[in-house]
Amino acid sequence: MKLMIIESPGKIKKLSSILGSSWKIAASVGHIRDLPTKEMGVVAPEFKPTYQFTERGSDVVKRLKSLVREADEIYLATDPDREGESISWHLKESLQLKNPKRVAFNEITQAAVTKALASPRTINGPLVAAQEARRVLDRLVGYTVSPELSRQTGEKLSAGRVQSPAVRLVVDREREIQRFKVTQHYGFQITLNGPDTSEWRAEWQTKPDFVSEDAPYFLNRDFASRVGQTAVEVIDFTEGESRRSPPPPFTTSSLQQAASVALNLNPKAAMEAAQKLYEQGHITYHRTDNPNISEESLGAIRAVAEQLGLDMAPVLRKFKAPDGAQEGHPAITPTHWEVVEAGETPSQKALYQLIRHRALACQLTDAIYAVRTAQLKGLDLVDEQLIRFEAKGRTLIEPGWRKLTDHDQTEEKESAVGEIDNPIPLLSIGEVIAVTGGKLLEKKTKPPTRYTEATLIKKLESAGIGRPATYAAIMDNITSRGYVRTEKKHLVPTSTGETIVDALTGQFSFVELGYTRDIEASLDRIAQGKATYLSVVGGLYANLQQEMQGLQVTSSASPAHPCPSCGKALRRLKGGSGFFWGCTGYPECSETLPDAKGQPGVRKDVRLSEHACPACGKPLVHRQKKGKSGYDFWGCSGFKDGCRQSFSNKGGKPQLNQPKESV
């Protein structure tokens, strides 16, 4: 028997159908080992990690060991990335495998799996070291800085090597918005009629005669209101073509952006849907920063394009990858291009359609537009000054790739690249045209927009923070921990998030975008065998230790949710019966409140009786709950102060001589 160990059990069915009965497919169910959950697990100066089995890891290893004993050959087929390589190494170590064969495939198809099995290799040590370094660096930052942050603020706070720069971006943008001052400025638009009576428009050109780079806005409302003309003369007219190329196929980053904008899926949900599509064999591997398809796909794209009546680009389109991209795997595409619909849930089906259309469109012809531009001068001077106008119009004449997908789904809004609905007629220089109308344009400068999950991911990628596989986790961390909240899809920092950023900025290098990008580059060098694990980890640790000496947290912001008893911040906790809010001043203050849809609820009124506790003298409280799991007893109101006395109820009175079992 041949044994193939993969990560996700969701792939077993598809791989079994490809490999047949002579193979046994088993899953590690992700990571089987990790650093300890309650201690750092890394000690200077060697920084050798101490690994423990995950919650289910020991059971998985026990099951796999029994399969290993029966196998003639063992193939480790974990995901084709650094994390997958690391999981293969942990499997090798835990199962005590001597010569396992490492295989990786970018898609779960007969051709891809067969090709991988024909060329097995050994585990890539530098890739494993790079992933281990990432995990250790995250642990060093989190476990070194977070406890001190929490101690100084009295709140349970955490710092993270990539999460904290992400929060900083949101905080910096919010403060930029708060500092922004609106400028009221003015323009003027005239309307004219073409030969077919269709109306077109031209706008007053304030540059360069009325504004400058230092003063870019026209502020004189009175003058602007008098710019209107009775007639204008054509001083220049041009017409031509413009082209718009299709956007590249999806990378992990752009897939998450498009899923957020077009499907309203958050990054975590988008990656879960993509994972299922990959496991079902419908798409290629969904963790990639390469925006290019494989050349082998061209034939399949051409066949689908011909069937749909679409024109292919004359040569294979290549797209520029972001700086620092690893480009280890092609872009995200269908595995079977002719398949129109795939997936088991509405989200999966919608995501598959986005992926397929985007991937097909990337190799189609450009969209072509007819463009007309007119420069006009007014025949009436205003305060002895000449007034000029400009009109621009663009009409789609060859849709090209836009037959398939109308726009770039990663964009929150279609920008000015869309058609301008302004039907400028054919004009001649020197021609005089009557003006049929005009209006004053009252304009206001707009502040920067808040980030959405889509635009923050785009910024993280451009800044070199994190890697494709980490974006969803970053978004989940900063929102679930209460450092950032979502308002109508926009990200807004909380007072807690601002406290963390203020404490870290100017004190720790890891919160600086340039430094974080350099660390990512160092991890890449480890993966390439150009740097060592110890040099990268040791360098960050030494820098971190030096910076820790100056950490001082100050927070002028009052807590978002103050404790009603002592005024310190409340934090949301999870207990055996669900979420509740507790005081960060615990154990000095043991105040708790119920959770009401993510906010502190109102404490239920407790009626103090006239019956006194015989142990401490505080009033007793009659506690009742109906139902299968109900109760009926009297308890001491001093419960939070340590008095656990309780008594049976009889006829609505406590039986003080019949203590109930302590609660």
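The values are calculated or read from the model by the stated rules, or taken from the named source; none is laboratory data. Keep in mind that what you see is a predicted model, and the values were worked out from it rather than measured. Reconstructed Cβ throughout: ideal geometry from the backbone, glycine too, with neighbour counts over all protein chains shown. Heavy atoms of the whole protein, side chains included, go into the accessibility calculation; ligands, DNA and RNA do not. Shrake-Rupley method; radii C 1.70, N 1.55, O 1.52, S 1.80 Å.
One table, with the values for the structure above:
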{"read-out": "When residues of region 627-663 are limited to those that are assigned to a loop (DSSP other than H, G, I, E, B) and at pLDDT 75 or above, the one least open to solvent (accessible area, probe 1.4 Å)", "value": "G638"}
{"read-out": "Filter result (in contact with a helix residue (DSSP H, G or I) (Cβ under 7 Å, 6 or more places away or on another chain) and either assigned to a loop (DSSP other than H, G, I, E, B) or closer than 24 Å to R135 by Cβ (or both)) within region 12-25", "value": "none"}
{"read-out": "Candidates T197, T252 - the one that is of a type outside the set (D, E, K, R), over 42 Å from the mean Cα position of the chain (by Cα) and at pLDDT below 95", "value": "T197"}
{"read-out": "Number of the exception - Y75 against (1) touching a helix residue (DSSP H, G or I) at 6+ places or on another chain (Cβ under 8 Å); (2) open to solvent by less than 60 Å² (accessible area, probe 1.4 Å); (3) closer than 30 Å to K459 by Cβ", "value": "(3)"}
{"read-out": "Where a residue in region 23-44 is at negative phi and its partner, wherever it lies, is of a type in the set (D, E) and at pLDDT 95 or above, with Cβ under 7 Å and at least six apart", "value": "none"}
{"read-out": "Complete set of residues in region 543-558 that are open to solvent by 60 Å² or more (accessible area, probe 1.4 Å) and at pLDDT 75 or above", "value": "Q545, Q546, Q549"}
{"read-out": "Failed condition for K443, given (1) closer than 26 Å to R226 by Cβ; (2) at pLDDT below 95; (3) not aromatic (F, W, Y)", "value": "(2)"}
{"read-out": "Which listed residue, of N106, N99, is in a loop (DSSP other than H, G, I, E, B) and over 33 Å from the mean Cα position of the chain (by Cα)", "value": "N99"}
{"read-out": "Boolean, E39 is closer than 28 Å to A116 by Cβ and not hydrophobic (A, V, I, L, M, F, W, C)", "value": "no"}
{"read-out": "Region 329-359: number of residues that are touching a helix residue (DSSP H, G or I) at 6+ places or on another chain (Cβ under 9 Å), part of a loop (DSSP other than H, G, I, E, B) and open to solvent by less than 70 Å² (accessible area, probe 1.4 Å)", "value": "9"}
{"read-out": "Subset of region 26-81 (residues that are closer than 21 Å to L15 by Cβ, outside any loop (DSSP other than H, G, I, E, B) and under 29 Å from the mean Cα position of the chain (by Cα))", "value": "A27"}
{"read-out": "Every residue from region 260-273 that is out of contact with any Phe, Trp or Tyr (no Cβ under 9 Å at 6 or more places or on another chain) and not in a loop (DSSP other than H, G, I, E, B)", "value": "S260, V261, A262, L263, K268, A269, A270, E272"}
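Yes or no, residue by residue, for (1) among the aromatic types (F, W, Y); (2) open to solvent by less than 50 Å² (accessible area, probe 1.4 Å); (3) within 17 Å of R168 (Cα to Cα); (4) modelled with pLDDT under 95:
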{"residue": "D421", "(1), (2), (3), (4)": "no, no, no, yes"}
{"residue": "K459", "(1), (2), (3), (4)": "no, no, yes, yes"}
{"residue": "P468", "(1), (2), (3), (4)": "no, yes, no, yes"}
{"residue": "Y471", "(1), (2), (3), (4)": "yes, yes, yes, yes"}
